[in-house]
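Participant: Before I ask anything, let me first share the structure, which is written out below as structure tokens.
The values are calculated or read from the model by the stated rules, or taken from the named source; none is laboratory data. Worth saying up front: this structure is predicted, and the values here are computed from it rather than measured. Every residue, glycine as well, gets a Cβ built from its backbone with ideal geometry; the counts of neighbours run over all protein chains shown.
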Amino acid sequence: MVNILYLFVTLPIGGAEEHLLTVLKNIDQTTYHPIVCCIREKGEIGEEIEKMGFEVIAMMRKSKMWDIKIVTDILRIIRDRKIHLVHTHLYHANMYGRIASLIARKPVIATEHNIYPYYKMKRRVINWLLAKKTDRIIAVSEMVKKEVMARDWIKPSKVEVIYSGIDMTRFSSSLTRAEARQRLGIPMDCFLIGNVSRLIEQKGQIFLINAMSIVNDAIPGVKLVVVGAGPLEPYLKNEVSTRGLNQYVKFIGSRRDIPDVLKAMDVFVLPSLWEGLGIVLLEAMALSLPVIATPVGGVVEIVHHGINGLIVPPRNEIALAESIIELYKDDKKRKIFGERGLEMVREKFTSSNMVRHLESVYQSVTDFLRFQ
């Protein structure tokens, strides 16, 4: 049995955290024994993982500065839990986890989930140094791989692309469209636009809200439902109110019944300013929703303009509004995009594809070990 330590800073609701949840649900537990560790608190996804029966360790370290105690805590966990392999996610966990693994002389894998418009030189140097002793770096898309190689001066052979996958058994809904809308308080005759993501600058919800000022003049009874929470929530709600859009835009907070929420929508929109892959796009496609997105990061590896969705320039509410209106007027196109999106997810982005690929990487970096 291979004991794997998965290291995050914390596990709130988010794409990287959902990625871990999917891995844990599908990994071969006759071969691999996962243990999850959070540098800070567990977070909502961490608590969900714990309820599934996995051990989740919360170190409760709060310092935002370099803290050697975090390294010693991880080393203690590696020793006490007899960890064979460490798999880290996102910058700070990647840094601390790789340092601890090097000291403990354990194989280590680091996953890169995002592309960043701003990246400090100090972080680039740290990543470059740690990459020399990292067994494998996993990128969630080809665009993330290119970013990591260029940003941190890393050889192509060190980085492997493993696309995030969707658990198709989870991303289905037993609700009818009418039932899904009734739960949200949305009338059946409404054209419903949806967005699911954290309320942060990266996700670009402000441009979707701005687009609604145009859309509500062209589409009778249109509404936008925004699913998620984050630091920009007060600002976004104030912008909605200032623009007189309260009757058109509905914020419903974070939800764990995302498939049921998606079932109520007519079109899914993700106007991100940067993105590693955009797991939520795969989730929408798994529910046969037509999607509109921006050509940032790995999104272009999911959404193919005019084939399974529409691509609009980032920060362009006019183009965004025009694309929404285009799909409103063409229900045949919406149906075709939805069908093609679902087909692509089934072929390329399933959880089984992702986890089997990941397990092959685990095997390749642990083959030299002999476990009892």
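Participant: Anything in the stretch 98-147 that is part of a helix (DSSP H, G or I), among the polar types (S, T, N, Q) and touching an Asp or Glu at 6+ places or on another chain (Cβ under 7 Å)? List them, or say none.
Facilitator: 127
Participant: List pairs: first in the stretch 182-194 and assigned to a strand (DSSP E or B), second among the aromatic types (Phe, Trp, Tyr), Cβ under 6 Å, 6+ apart or cross-chain?
Facilitator: 194/268
Participant: Please go through (1) within 26 Å of residue 317 (Cα to Cα); (2) modelled with pLDDT under 95 for residue 212 and return the number of the only condition it doesn't satisfy.
Facilitator: Of everything listed in (1) within 26 Å of residue 317 (Cα to Cα); (2) modelled with pLDDT under 95, residue 212 misses just condition (2).
Participant: Within the bounds of the stretch 87-99, is there any residue that is among the hydroxyl-bearing types (Ser, Thr, Tyr) and more than 23 Å from residue 276 (Cα to Cα)?
Facilitator: Taking every residue of the stretch 87-99 in turn, none turns out to be among the hydroxyl-bearing types (Ser, Thr, Tyr) and more than 23 Å from residue 276 (Cα to Cα).
Participant: Another one. List, please: which pairs have Cβ atoms under 9 Å, are six or more places apart or on different chains, and start with a residue in the stretch 116-130 that is in contact (Cβ under 8 Å) with a residue 40 or more places away in the chain and surrounded by fewer than 10 Cβ atoms within 10 Å (Cβ to Cβ) and end with one that is of a type outside the set (A, V, I, L, M) and not in a loop (DSSP other than H, G, I, E, B)?
Facilitator: 117/202
Participant: Then there is this: Residue 200 fails exactly one of the following numbered conditions: (1) touching a strand residue (DSSP E or B) at 6+ places or on another chain (Cβ under 7 Å); (2) over 20 Å from residue 358 (Cα atoms); (3) among the hydrophobic types (A, V, I, L, M, F, W, C); (4) surrounded by fewer than 19 Cβ atoms within 10 Å (Cβ to Cβ). What is the number of that condition?
Facilitator: All conditions pass for residue 200, except number (1).
Participant: Also: Yes or no: the stretch 17-39 includes at least one residue that is closer than 20 Å to residue 352 by Cα, modelled with pLDDT of 95 or more and more than 25 Å from the chain's Cα centre (by Cα).
Facilitator: yes
Participant: Considering every residue within the stretch 273-282, establish whether at least one is in a loop (DSSP other than H, G, I, E, B), over 30 Å from residue 83 (Cβ atoms), touching a residue at least 24 places away in the same chain (Cβ under 8 Å) and of a type in the set (Asp, Glu).
Facilitator: yes
Participant: With the condition kept exactly as written, say whether any residue in the stretch 351-370 is outside any loop (DSSP other than H, G, I, E, B) and over 22 Å from residue 144 (Cβ atoms).
Facilitator: Checked against the condition, which is being outside any loop (DSSP other than H, G, I, E, B) and over 22 Å from residue 144 (Cβ atoms), the stretch 351-370 yields at least one hit.
Participant: A follow-up question, please. Name the single residue that is nearest to the chain's Cα centre (by Cα) among those in the stretch 248-272 being surrounded by fewer than 20 Cβ atoms within 10 Å (Cβ to Cβ) and assigned to a strand (DSSP E or B).
Facilitator: Per the criteria, the residue is 253.
Quick grid of which residues meet (1) surrounded by fewer than 24 Cβ atoms within 10 Å (Cβ to Cβ); (2) in a helix (DSSP H, G or I); (3) in contact with a Ser or Thr (Cβ under 8 Å, 6 or more places away or on another chain):
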{"residue": "236", "(1), (2), (3)": "yes, yes, no"}
{"residue": "246", "(1), (2), (3)": "yes, no, no"}
{"residue": "295", "(1), (2), (3)": "yes, no, no"}
{"residue": "320", "(1), (2), (3)": "no, yes, no"}
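Participant: Only one of 56, 71, 86 is in contact (Cβ under 8 Å) with a residue 12 or more places away in the chain, more than 18 Å from residue 365 (Cβ to Cβ) and in a strand (DSSP E or B); which?
Facilitator: It is 56.
Participant: Residue by residue through the stretch 96-137, note down the ones that are over 16 Å from residue 153 (Cα atoms) and of a type in the set (A, V, I, L, M).
Facilitator: 99, 100, 102, 103, 104, 108, 109
Participant: Would you be able to say whether some residue in the stretch 313-328 is touching a Gly at 6+ places or on another chain (Cβ under 6 Å), in the same structural domain as residue 224 (by TED's automatic domain parsing) and among the aromatic types (Phe, Trp, Tyr)?
Facilitator: Within the stretch 313-328, none of the residues are touching a Gly at 6+ places or on another chain (Cβ under 6 Å), in the same structural domain as residue 224 (by TED's automatic domain parsing) and among the aromatic types (Phe, Trp, Tyr).
Participant: Only residues in the stretch 301-317 that are without any contact (Cβ under 8 Å) to a residue 40 or more places away in the chain count as the first member; pair them with residues that are charged (D, E, K, R), Cβ under 8 angstrom, at least 6 apart or cross-chain, and list the lot.
Facilitator: 307/340; 308/340; 310/326
Participant: Here's another thing I want to ask about it. So residue 198 passes all but one of these: (1) within 30 Å of residue 95 (Cα to Cα); (2) outside the structural domain of residue 22 (by TED's automatic domain parsing); (3) part of a helix (DSSP H, G or I). Which condition number does it fail?
Facilitator: Of the numbered conditions (1) within 30 Å of residue 95 (Cα to Cα); (2) outside the structural domain of residue 22 (by TED's automatic domain parsing); (3) part of a helix (DSSP H, G or I), the odd one out for residue 198 is (3).
Participant: For the stretch 84-114, which positions are β-branched (Val, Ile, Thr) and surrounded by 23 or more Cβ atoms within 10 Å (Cβ to Cβ)?
Facilitator: Hits for the stretch 84-114 are 86, 88, 108, 109, 111.
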